[in-house]
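The values are calculated or read from the model by the stated rules, or taken from the named source; none is laboratory data. The model shown is predicted, which means the values in this text are computed figures rather than measured ones. Note: ideal-geometry Cβ built from the backbone for every residue, glycine included; neighbour counts use all protein chains shown. Just the protein is used for accessible areas: all its heavy atoms, side chains included, with ligands, DNA and RNA removed. Shrake-Rupley method; radii C 1.70, N 1.55, O 1.52, S 1.80 Å.
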Amino acid sequence: MPSPTPRPDPPYRRIVEELRGRILSGDLRPGDRLPSVRQIAQRWGVAVATATRAMATLRDSGLVETTVGSGTVVSNDARRKHPVGPAASQWPRQARAFKQPLGRMHVLRAAIAIADAEGLDAVSMRRLAVDLGVGPMSLYRHVANKDDLVTQMVDEVFGESELPDPGPPGWRAKLELVAHQQWELCRRHLWLPRAVSFTRPALVPNMMAHTEWILRALDGLGLPMTTRLREALTLHGLVATVALSMAAEVESEQETGVTLDGWLLAQQKRANQTLDSGRFPLLSTIPTETVSDLNGLFEYGLARHLDGFATLVEDAARARS
């Protein structure tokens with residue numbers, strides 16, 4: 001009786017074996033950056049879900065780890081780990097079942113950790129189940145779908161910010177305080193601006209508390225509620241706009257492996273030729289770091305916005321008197 005034809009390894013296993021071989025041979029050393037999930041999908045011609053499972057299998061084996069700001073890198077003790085064996089290719093629930101009863105906070109913290117390290121696109125129900133070592137269906141007891149998951153993630157993150165009651169004296173000091181708190185949240189969680197919609201706002205209690213706090217901060221100024229709400233949205237929009245640029249820069253570094261300083265250095269010759277042409281005499285006097293100083297851009301934008309809002313407040317006061 002002829003022996004059955006062996007089944008080929010699934011695509012994600014071939015990716016795992018190739019990357020594992022490069023790690024164990026020393027071709028990829030501790031701290032070296034691995035391709036992103038998107039790059040793996042493109043390089044091997046597989047779906048993003050397949051690339052995600054390959055990366056999760058390497059992570060479960062201890063060969064790679066995820067770090068904030070660097071993406072996925074080779075673990076420091078990867079060479080001392082056992083090679084990825086057949087057990088690692090099984091569904092992670094068989095390899096390492098979740099030790100405690102799975103709760104909503106376990107799910108949210110794991111999802112936030114993935115988004116912080118790899119971006120919002122890396123968050124999926126399958127990936128989350130892999131990281132938690134459970135079957136995907138068990139997650140649906142806590143979240144309805146990915147949209148619901150992201151909404152709850154936003155609520156959890158805004159809950160990290162404690163707004164004082166009543167806060168510092170004066171409307172301007174209050175708005176500065178809440179804007180800086182939102183800026184710090186966006187710097188800590190670069191995916192956050194993408195998860196918040198102005199036109200289709202989600203009912204997120206902790207984020208709504210920020211809006212309510214701003215509305216209360218503008219009490220007694222004689223401004224209609226419509227103006228006060230628009231101010232709350234504009235303030236958040238200012239924070240989110242600069243934060244999106246910061247997130248895009250981090251993503252570019254992770255995708256290309258080229259830091260902003262490295263990119264600027266590579267562009268220096270072309271930039272010098274353009275600026276030395278004489279067409280842009282004013283631009284040529286500006287230090288390079290001014291453009292890349294996103295924190296400085298945020299502070300400038302906030303100050304000038306509040307200057308303008310102060311004029312509106314003064315006009316409203318004159319109209320009342």
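I'd like to know if the range 70-91 contains one or more residues that are under 23 Å from the mean Cα position of the chain (by Cα), modelled with pLDDT under 75 and open to solvent by 30 Å² or more (accessible area, probe 1.4 Å). Yes - at least one qualifying residue is present in the range 70-91.
Every residue, every condition in (1) closer than 30 Å to THR50 by Cα; (2) touching a residue at least 24 places away in the same chain (Cβ under 8 Å), yes or no:
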{"site": "LEU128", "(1), (2)": "yes, no"}
{"site": "GLY133", "(1), (2)": "yes, yes"}
{"site": "SER138", "(1), (2)": "yes, yes"}
{"site": "VAL150", "(1), (2)": "yes, yes"}
{"site": "VAL157", "(1), (2)": "yes, yes"}
{"site": "GLU162", "(1), (2)": "no, no"}
{"site": "GLY170", "(1), (2)": "no, no"}
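So if I check each of GLU156, GLU118, GLU160, which one is under 19 Å from the mean Cα position of the chain (by Cα), at pLDDT 90 or above and of a type in the set (Asp, Glu)? Quick ask: steps written out before the conclusion?
Values: GLU118 fails: at pLDDT 90 or above; GLU160 fails: at pLDDT 90 or above.
The unique qualifying residue is GLU156.
Could you say whether any residue in the range 201-223 is aromatic (Phe, Trp, Tyr) and in a loop (DSSP other than H, G, I, E, B)?
Kept after step one, since they are aromatic (Phe, Trp, Tyr), are these residues of the range 201-223: 213.
Next, only the ones that are in a loop (DSSP other than H, G, I, E, B) stay: none.
No, the conditions are met nowhere in the range 201-223.
Return yes when LEU177 is closer than 18 Å to VAL196 by Cβ, surrounded by fewer than 20 Cβ atoms within 10 Å (Cβ to Cβ) and more than 17 Å from the chain's Cα centre (by Cα) and no when it is not. Here the answer is no, as LEU177 does not meet what is asked. When we screen VAL178, VAL196 for residues that are in contact (Cβ under 8 Å) with a residue 40 or more places away in the chain and within 20 Å of GLY119 (Cβ to Cβ), the only hit is VAL196.
Considering only residues that are surrounded by 15 or more Cβ atoms within 10 Å (Cβ to Cβ) and either within 13 Å of ALA56 (Cα to Cα) or at pLDDT 85 or above (or both), which ones fall in the range 96-112? Within the range 96-112, HIS106, VAL107, LEU108, ALA110, ALA111, ILE112 meet the criteria. Within the range 136-174, the residues that satisfy the criterion of being among the hydrophobic types (A, V, I, L, M, F, W, C), in a helix (DSSP H, G or I) and either open to solvent by 70 Å² or more (accessible area, probe 1.4 Å) or out of contact with any helix residue (DSSP H, G or I) (no Cβ under 7 Å at 6 or more places or on another chain) (or both) are MET137, ALA173. Return yes when GLY26 is at pLDDT 80 or above and in a loop (DSSP other than H, G, I, E, B) and no when it is not. Yes; evaluated as a whole, the condition is true for this residue. Residue count for the range 198-230, restricted to those that are more than 12 Å from VAL178 (Cβ to Cβ), open to solvent by less than 50 Å² (accessible area, probe 1.4 Å) and within 30 Å of the chain's Cα centre (by Cα): 3.
Evaluate the range 179-193: report whether one residue or more is at pLDDT 90 or above and among the aromatic types (Phe, Trp, Tyr). Taking every residue of the range 179-193 in turn, at least one turns out to be at pLDDT 90 or above and among the aromatic types (Phe, Trp, Tyr).
For the range 31-60, filtered to residues that are loosely packed, with under 14 Cβ neighbours inside 10 Å, assigned to a loop (DSSP other than H, G, I, E, B) and within 25 Å of the chain's Cα centre (by Cα), the residue that is modelled with the highest pLDDT is GLY31.
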